[in-house]
Amino acid sequence: MNAAEKINAKFTTLINSLYSGGYGRLLWLCRFILKPKKWTVHKSYYPELKAKSRRKIYIEQLGQILKYGTPNEFYFSYGFDVKSQDRMKEYYHYTPFSVLRDKYNTALSHIDSSLPILRNKFYFGIFCEYFGIKSAETVGVLYGKDNGSVYSTGDKIHMSLAEFCNNNLGKFFVKPFDGECGKGIFTMELKDGHIEVDKEEVSIHALREMCNGGTYLVQRLVRQHPEMSKLHPQSLNTIRLVTVKNIHTGDIAVLPSILRIGTGDAIVDNTSQGGVAVGIDFENNRLKQHGFMKPQFGGRVGIHPDSKIRFEEFTIPYLEQAVAQAKFLHSHLPDLHSIGWDIAIGEDGPIFIEGNDNWEINGPQICNGGLKNQYQEMLIGKNLN
């Protein structure tokens, strides 16, 4: 981290501190009182159950602001509109969760930090390769500046973007080095001198414009297991597997996790882009009964909207191997105490796409129920309540 980055990090920490304190609460109270509808009126994920009155929801969201500094963004997806106060206490609000997660993922302050291995997708691939664990195959690093150039990892040379496109054939994912939530990713197919981006033919000039100013990894499209393709063949459907290391014993355990599945024409499986997330039953290597989508895309569903596969009848291939490999990789990142792994299932085993130190607990909680006590006990061996 250079001097400018350190100053920026300290400034961001200061602003967040002010915002999460009394000043932040006051701002949220004003926003909530002036426009409460966004936080109190919502399609229920559990329409078969009796919902609380709007007045009750208003009071509970007001309580969330007073206690945590913000309303609960996931109030309805957690089913709080139909759950008791005791059940609500089983869930982690994002604010205290992120504070605890970042407190123990202390690598940010260490000069010998493991963090760049996770934050830089190129480094992550090298890390996995060293231990003989499969990751997405990177064929090039695309630099969007100065008309575009590519470092070809196979040829070990720099070349123009045009040369790279002429010398490579096949289907690829192009993704930003630091992208999140599937943003900025596009597919590229190179064949017979033609370039297709997201299935539409483009010129080399148009491709340069798309990548202008950014740095991207060009990775060969992962061939997922035929069973995973049955769920939704257009997207790479990935497991978000969360591993947690106990700070006292060093034992690594797996928090209830999810499988993310694309829908429609989407090439990514993120719920922010219309995907569905389903909890995983690790005892039986199967999916749980219900999947969850953002309400504008469908809410709570028992079958995939396109493939019509019933989730609770679907078995995930190579799941036990994926768990074992995630724990193994985590054991070699000693200063990180919890990691959210994105894992595809290939034709002959797991393929690690990336690891995230700043993983979010909302997906696992939406699909598996409240995880506050379980996460705390895995991390520090006791309940903080």
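Can you say whether residue 238 is open to solvent by less than 30 Å² (accessible area, probe 1.4 Å), touching a His at 6+ places or on another chain (Cβ under 7 Å) and either closer than 23 Å to residue 379 by Cβ or not basic (Lys, Arg) (or both), as far as the supplied structure shows? Steps first, answer last, please.
Working: open to solvent by less than 30 Å² (accessible area, probe 1.4 Å): yes; touching a His at 6+ places or on another chain (Cβ under 7 Å): no; either closer than 23 Å to residue 379 by Cβ or not basic (Lys, Arg) (or both): yes.
It is false that residue 238 is open to solvent by less than 30 Å² (accessible area, probe 1.4 Å), touching a His at 6+ places or on another chain (Cβ under 7 Å) and either closer than 23 Å to residue 379 by Cβ or not basic (Lys, Arg) (or both).
Would you please list the contacts, defined by Cβ atoms under 6 Å and residues six or more apart or on different chains, that run from a residue in segment 283-310 that is closer than 13 Å to residue 264 by Cβ to a residue that is open to solvent by less than 60 Å² (accessible area, probe 1.4 Å) and in a strand (DSSP E or B)?
Going by the 6 Å Cβ cut-off, the qualifying pairs are 293/276.
For segment 50-89, what are the residues that are open to solvent by less than 10 Å² (accessible area, probe 1.4 Å), at pLDDT below 95 and assigned to a helix (DSSP H, G or I)?
Within segment 50-89, 65 is the sole residue that qualifies.
Which pairs turn up if I take residues in segment 235-257 that are over 18 Å from residue 324 (Cβ atoms) and look for partners that are aromatic (Phe, Trp, Tyr) and assigned to a strand (DSSP E or B) with beta carbon separation below 9 Å, at least 6 apart in sequence or on another chain?
From segment 235-257, the pairs are 236/173.
Any residue in segment 311-334 that's within 14 Å of residue 132 (Cα to Cα) and modelled with pLDDT of 95 or more: show its pairings with residues that are open to solvent by less than 60 Å² (accessible area, probe 1.4 Å) and in a loop (DSSP other than H, G, I, E, B) at Cβ separation under 6 Å, as long as the two are six or more apart or on different chains.
Hits for this filter: 325/133.
Quick one: in segment 90-104, which of the residues that are of a type in the set (Ser, Thr, Tyr) and assigned to a helix (DSSP H, G or I) is farthest from residue 75 (Cα to Cα)?
Among those residues, the one meeting the criterion is 104.
Scan segment 123-136 residue by residue and report those that are at pLDDT below 95 and crowded, with 16+ Cβ neighbours inside 10 Å.
124, 125, 136
Assigned to a strand (DSSP E or B) and either open to solvent by 10 Å² or more (accessible area, probe 1.4 Å) or touching an Asp or Glu at 6+ places or on another chain (Cβ under 6 Å) (or both): does that describe residue 354?
It is true that residue 354 is assigned to a strand (DSSP E or B) and either open to solvent by 10 Å² or more (accessible area, probe 1.4 Å) or touching an Asp or Glu at 6+ places or on another chain (Cβ under 6 Å) (or both).
Go through (1) touching a Leu at 6+ places or on another chain (Cβ under 7 Å); (2) under 30 Å from residue 142 (Cα atoms); (3) in a strand (DSSP E or B); (4) hydrophobic (A, V, I, L, M, F, W, C) and name the single condition residue 241 misses.
Tallying (1) touching a Leu at 6+ places or on another chain (Cβ under 7 Å); (2) under 30 Å from residue 142 (Cα atoms); (3) in a strand (DSSP E or B); (4) hydrophobic (A, V, I, L, M, F, W, C), residue 241 fails exactly one: (1).
With the requirement that a residue be β-branched (Val, Ile, Thr), part of a loop (DSSP other than H, G, I, E, B) and surrounded by fewer than 24 Cβ atoms within 10 Å (Cβ to Cβ), what does segment 244-266 give you?
247, 249
Restricting the first residue to segment 16-34 and requiring it to be surrounded by 11 or more Cβ atoms within 10 Å (Cβ to Cβ) and of a type in the set (A, V, I, L, M), which pairs with a second residue that is in a helix (DSSP H, G or I) and at pLDDT 85 or above meet a Cβ separation below 7 Å and a spacing of at least six or different chains?
29/65
Restricting attention to segment 319-340, does a residue exist that is open to solvent by less than 40 Å² (accessible area, probe 1.4 Å), within 30 Å of residue 39 (Cβ to Cβ), touching a strand residue (DSSP E or B) at 6+ places or on another chain (Cβ under 9 Å) and assigned to a loop (DSSP other than H, G, I, E, B)?
Checked against the condition, which is being open to solvent by less than 40 Å² (accessible area, probe 1.4 Å), within 30 Å of residue 39 (Cβ to Cβ), touching a strand residue (DSSP E or B) at 6+ places or on another chain (Cβ under 9 Å) and assigned to a loop (DSSP other than H, G, I, E, B), segment 319-340 yields no hits at all.
What's the number of the only condition in (1) of a type outside the set (A, V, I, L, M, F, W, C); (2) touching a residue at least 12 places away in the same chain (Cβ under 8 Å); (3) open to solvent by 60 Å² or more (accessible area, probe 1.4 Å) that residue 232 fails to meet?
That leaves (3) as the condition not met.
So, residue 288, is that one more than 20 Å from residue 347 (Cα to Cα), open to solvent by 40 Å² or more (accessible area, probe 1.4 Å) and not in a loop (DSSP other than H, G, I, E, B) or not? Working first, answer last.
Numbers: more than 20 Å from residue 347 (Cα to Cα): yes; open to solvent by 40 Å² or more (accessible area, probe 1.4 Å): yes; not in a loop (DSSP other than H, G, I, E, B): yes.
Yes: the conditions hold for residue 288.
The values are calculated or read from the model by the stated rules, or taken from the named source; none is laboratory data. A quick note: this is a predicted structure, and the numbers were derived from the prediction, not measured. Don't worry about glycine lacking a Cβ; one is built from the backbone with ideal geometry, like all the others, and counts go over all protein chains shown. Protein only, heavy atoms only, side chains kept; ligands, DNA and RNA dropped before computing areas. Shrake-Rupley method; radii C 1.70, N 1.55, O 1.52, S 1.80 Å.
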